[in-house]
1. On the basis of being open to solvent by less than 20 Å² (accessible area, probe 1.4 Å), within 28 Å of Ile53 (Cβ to Cβ) and not basic (Lys, Arg), does Ala212 make the cut?
2. Considering region 74-83 alone, what residues qualify as being closer than 12 Å to Val123 by Cα and open to solvent by 20 Å² or more (accessible area, probe 1.4 Å)?
3. Go through (1) closer than 23 Å to Phe63 by Cα; (2) in contact with a helix residue (DSSP H, G or I) (Cβ under 7 Å, 6 or more places away or on another chain) one by one and return the number of the condition Val156 breaks.
4. Please go through region 51-73 and pick out each residue that is without any contact (Cβ under 8 Å) to a residue 24 or more places away in the chain, assigned to a helix (DSSP H, G or I) and either over 22 Å from Leu125 (Cα atoms) or of a type in the set (A, V, I, L, M) (or both).
5. Go over the candidates Ile274, Ile219, Ile230, Ile226 one by one and state the one that is without any contact (Cβ under 8 Å) to a residue 12 or more places away in the chain and assigned to a helix (DSSP H, G or I).
6. Determine if region 260-267 includes at least one residue that is under 22 Å from Ala130 (Cα atoms), loosely packed, with under 14 Cβ neighbours inside 10 Å, at pLDDT below 90 and of a type outside the set (Phe, Trp, Tyr).
7. What single numbered condition from (1) surrounded by fewer than 18 Cβ atoms within 10 Å (Cβ to Cβ); (2) at pLDDT 85 or above; (3) of a type outside the set (S, T, N, Q); (4) out of contact with any Leu (no Cβ under 9 Å at 6 or more places or on another chain) fails to hold for Gly244?
8. Among residues belonging to region 99-141 that are touching a Gly at 6+ places or on another chain (Cβ under 8 Å) and open to solvent by 30 Å² or more (accessible area, probe 1.4 Å), point out the one that is farthest from Glu62 (Cα to Cα).
Amino acid sequence: MTAPLPVRPSEPPPTTPVPEDTAPRQRQPSRLLAPLRETGKLFALAVAVSRAIFRRPFQVREFIEQFWFVASVTILPAALVSIPFGAVIALQVGSLTEQLGAQSFTGGASVLAVIQQASPLIVALLISGAAGSAICADLGSRKIREELDAMEVMGVSPIQRLVVPRVLATMLVAVLLNGLVSVVGTLGGYFFNVIMQDGTPGAYLASFSALAQLPDLYIGELKALIFGFIAGIVAAHRGLNPRGGPKGVGDAVNQSVVITFMLLFFVNMVLTAIYLQIVPPKGG
């Protein structure tokens, strides 16, 4: 008898290699769309906070603590900054009006510049730099420690519990602080105009009453309210979305201040243009 021949295992049919060019590639998100996404997230947070303001329960204790903190870190710097600001505006406007032969209008022009433009911007920049950075760092540290995730698991909304009191605190402090900066800046401009430029107190006050009107104060307070809202929302947004652990929190703080500054100047330009179109000048 002959031994059976060994059976070779069947080999799989050869496969043709797929060229690299025709292989499916995973689409990566475009970097050009990243700013658009961040803008959308920022706007969504602003809408969510605006809705949550009127919901219960309202965190009264958290709001009082944040209000006191924001006010304590911004009152003294705002008062100290408003004096040279008002002085620079008064000196510059006084020098210009003297060249034009209209020195009697120095008071009104300088006071309007302080109330409408300088005071809300000073308040917003200080709140963003001092209080906004602290808010961003606090929320960012809570995020990387997963405290916010734990709150969501327990059914507590971080926006309702943490973000809303901070945004309301920045808005209220901005409105109140705007009045203080307006008064201190006006007094500083009055002092430097009367003492250093040999102006007369009567002409300073008369020009102010001749050019200024009540809507000028309203637009200053409205700007401060909107600027405070923007500073709080941007700080909360960057604090809720840090990247890269503790180092990402520091980067988020820097980004929040820069983004707030850019938005403030843009919104200030838009509000000023709308105000000048709607409200006619006094005597016009």
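The values are calculated or read from the model by the stated rules, or taken from the named source; none is laboratory data. Since the structure is predicted, the reported quantities are computational estimates derived from the model, not experimental observations. For neighbour counting, all protein chains shown are included, and Cβ atoms are generated from backbone atoms with ideal geometry for every residue, glycine included. For accessibility, only protein heavy atoms count, side chains too; no ligands or nucleic acids. Shrake-Rupley method; radii C 1.70, N 1.55, O 1.52, S 1.80 Å.
1. No, not satisfied.
2. Within region 74-83, Ile75, Leu76, Pro77, Ala79, Leu80, Val81 meet the criteria.
3. All conditions are met except number (2).
4. Arg51, Val60, Arg61, Ile64
5. Of the residues listed, the single one that is without any contact (Cβ under 8 Å) to a residue 12 or more places away in the chain and assigned to a helix (DSSP H, G or I) is Ile274.
6. yes
7. Single failed check for Gly244: (2).
8. The qualifying residue farthest from Glu62 (Cα to Cα) is Gln103.
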